[in-house]
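The values are calculated or read from the model by the stated rules, or taken from the named source; none is laboratory data. Keep in mind that what you see is a predicted model, and the values were worked out from it rather than measured. When we count neighbours, we look across all protein chains shown, and the Cβ atoms used for this are built from the backbone with ideal geometry, even at glycine. For accessibility, only protein heavy atoms count, side chains too; no ligands or nucleic acids. Shrake-Rupley method; radii C 1.70, N 1.55, O 1.52, S 1.80 Å.
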Amino acid sequence: MRILLVEDHIELSHWLSKALRDAHLSVECAANGADADALLHTQDYALVILDLTLPKMDGLDVLRRLRARGGARAKTPVMILTARGGLEERVQGLNLGADDYLAKPFELAELEARVKALLRRSQGGEALVHQCGALSFDTNTRMFSYGGAALALTPREHAVLEALITRPGRAVSKEKLFDEVFALEDDANLDAIELYIHRVRKKLERDHVGAAAITTLRGIGYLLQPRGTP
């Protein structure tokens, strides 16, 4: 799941980005409100973490413009993360459509718990555990298990497999996988997805009941299904 982090404090932005990536989330960063506003015009995100005191455009204006656009992107969950924690501003932010409000300073564990809660809510109450044969993904812990054992994955392998298992019975295009695995600033091209599909396939090659496999549907995309499914 791709998150937009809007924070002008560079050290804090780097620290938060690393923590969120360690939690198997894809993170893009914007250091000012104008850049954030432009990204929210053109990109799809599962969540926005938004500071308020930003150069070029205030965070509340970014939020106001996002909600005013209409369409699917206007419904993107937004968590306000700011040192401006007064009651009046909290009420204003929530009235403008923020989904949560966390004041600085904060504990990382609380931030991670709130992020996970917002992501679960945005999925429309989907089951907490996605299953494909012996492969399962717990959306609460954000961990995969395979045949009852933890499945070790790199962050990008994790992003590929999550995109597939959370769309049961549906093929996912290479373009969609690329959007979910790579951030805009990453130096990668579309063909890089094939490398990560290959790596994930190798990790799913265990020979046991309920083994999962990734099928390539030419011209359509990739489909995760129990091995042996027609």
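The magnitude of the dipole of the stretch 11-126, with charges of +1 and -1 set on the Cβ of Lys/Arg and Asp/Glu and taken from the Cα centre, is near 320 debye.
Loop-located trypsin sites (Lys or Arg not before Pro) in the stretch 169-223 (DSSP state not H, G, I, E or B) with no more than 16 neighbouring Cβ atoms inside 10 Å: Arg170, Arg206, Arg218. Ordered from highest to lowest accessible area with the whole protein assembly present and a 1.4 Å probe, Asp100, Asp8 read as Asp8, Asp100.
Taken about its Cα centre, the chain carries a charge dipole of about 900 debye when Lys and Arg each add +1 at the Cβ and Asp and Glu each add -1 at the Cβ.
Distant-in-sequence amide contacts of Leu54, defined by a placed amide H-H separation under 5 Å and a gap of 5 or more residues or a different chain, comprise Gly59. Each DSSP beta bridge with both residues in the chain is either parallel or antiparallel, and the antiparallel ones are about 50%.
For the cross-link pairs Lys75/Lys176; Lys116/Lys202; Lys116/Lys176; Lys56/Lys174; Lys18/Lys202, the ones whose C-alpha atoms lie over 25 Å apart are Lys116/Lys202; Lys56/Lys174; Lys18/Lys202. Each listed q (0.12, 0.13, 0.16, 0.23 Å⁻¹) maps to a log10 I(q)/I(0) for the stretch 1-133 from the Debye sum over equal C-alpha point scatterers, namely -0.43, -0.50, -0.77, -1.66.
Counting only DSSP H runs of at least 4 residues, each contributing -39500 (n - 2.57), and dividing by the residue count of the chain, the helix-based mean residue ellipticity at 222 nm comes to -11500 deg cm²/dmol.
Computed from phi, the 3J(HN,Hα) profile of the stretch 195-201 under the Karplus parametrisation 6.51, -1.76, 1.60 (θ = phi - 60°) reads 5, 6, 4, 4, 5, 5, 4 Hz, with x in place of Gly and Pro. Ordered by solvent-accessible area of protein heavy atoms (1.4 Å probe), largest first, the residues Asp179, Asp187 come out as Asp187, Asp179. Residue ranking by accessible heavy-atom surface, 1.4 Å probe, largest first, among Met143, Met1, Met79 comes out as Met143, Met1, Met79.
Taken one residue at a time, the phi angles of the stretch 55-61 give Karplus couplings (6.51, -1.76, 1.60, θ = phi - 60°) of x, 6, 7, 5, x, 5, 5 Hz. Gly and Pro are set to x.
Toward the positive end of the charge dipole of the chain, with +1 on the Cβ of Lys and Arg and -1 on the Cβ of Asp and Glu, the farthest Cα among Val172, Ile80, Gln225 is that of Gln225.
The Cβ shell under 15 Å around Leu54 holds other residues with a net charge of -3, Lys and Arg each +1, Asp and Glu each -1.
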